[in-house]
Structures are given as structure tokens and as C-alpha cells.
Amino acid sequence: MEHTLFVIAKLFTTALALVIAYQAYRGYQRHSTQLLLYVAVGFALVGLGGLLEGMLFEVLQVSIFDAGLVAALVTAAGMLSILYALYAPNP
């Protein structure tokens, strides 16, 4: 039961991140603000990082350490993208 709740929590978090990414991308399309594109990419990577960890561990039988490392790197890349969007000068 604990495993099922963990999977549900990961899927819910991924879904929330992808909804935010989609809304940021729609904002980018409407306003042509490139910084919103960085936000969209960042949230997509953050959301997919957790999902990727589960897929690597459960489906491909990668060690939990390696799966966690890959997920952490993908998530960090997403956070860097969001951080860039927050601190970059507005063109």
C-alpha cells in the first residue's frame, strides 16, 4: 500500500508541474516573452525528473542510486531554467 501511495504522489506532482509548464508555454505563445519559455521548460523538467526516477527504477531495473542521481540532475536543470527566467534581464 505504501508503494502505491508513493506512485500516486509522484504522478500527482508530475501532473501539477506539467500543468504549470503548459500554462507558462501558453503565456509564452500569447505574449512572446522568451522568459516564460524558460519557466515552461523548467517546470517540465522538474515534473519529469520524478517520473523519470520511477521509470528507471521500476521498469528498467536501474539501481535506486543511479535513478535518483539522474532524477536529481534533470530536476536541477529544470530549477536552473526557472532561476534563469527569474533573474535574467527582461528584454
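The values are calculated or read from the model by the stated rules, or taken from the named source; none is laboratory data. Owing to the predicted nature of the structure, the values given are computational and were not obtained by experimental measurement. Cβ sites come from the backbone with ideal geometry, for glycine too, and all protein chains shown count toward neighbours. With ligands, DNA and RNA removed, areas are computed over all heavy atoms of the protein, side chains included. Shrake-Rupley method; radii C 1.70, N 1.55, O 1.52, S 1.80 Å.
Of Val59, Val70, Val41, the residue with the greatest mean-square motion in the GNM of the chain, using alpha carbon springs below 10 Å, is Val59.
Relative to the compact globular guide of 2.2 N^0.38 Å, what is the alpha carbon radius of gyration of segment 3-91, as a ratio? Walk me through the numbers before you get to the answer.
Values: Rg = 14.5 Å, N = 89, 2.2 N^0.38 = 12.1 Å.
For segment 3-91, the normalised Cα radius of gyration is 1.20.
What net charge do the residues around Asp66 carry, taking every other residue with its C-beta under 15 Å from that of Asp66, with Lys and Arg at +1 and Asp and Glu at -1? Intermediate values should be presented prior to the final figure.
On the way: positive: none; negative: Glu53, Glu58.
Surrounding charge for Asp66 is -2.
Once the Cα atoms are used to define both axes, helix 34-54 deviates from the longest principal axis of the chain by about 0 degrees. Note on Met79 and Thr13: their simple-model spin labels are 1.2 nm apart, each label 7 Å out from Cα toward Cβ. Here the relative contact order of the chain, from alpha carbon pairs under 8 Å that lie six or more residues apart, stands at 30 percent. For the Cα atoms of the chain, what angle does the longest principal axis make with the long axis of helix 2-31, in degrees from 0 to 90, nearest 10? Around 20 degrees separate the two axes.
Protein heavy-atom accessible surface, 1.4 Å probe, per residue over segment 51-91: 72 Å².
What's the local net charge at Phe57, with K and R +1, D and E -1, over the other residues with C-beta under 13 Å away?
Values: positive: Lys10; negative: Glu53, Glu58, Asp66.
With Lys, Arg at +1 and Asp, Glu at -1, the neighbours total -2.
With springs only between Cα atoms under 10 Å apart, run a GNM on the chain and tell me which of Leu73, Leu51, Leu35 wobbles the most. Its mean-square fluctuation being the largest, the pick is Leu73.
Near the amide H of Val62, within less than 5 Å, lie the amide hydrogens of Phe57, all on another chain or at least 5 residues away, with H placed in the peptide plane.
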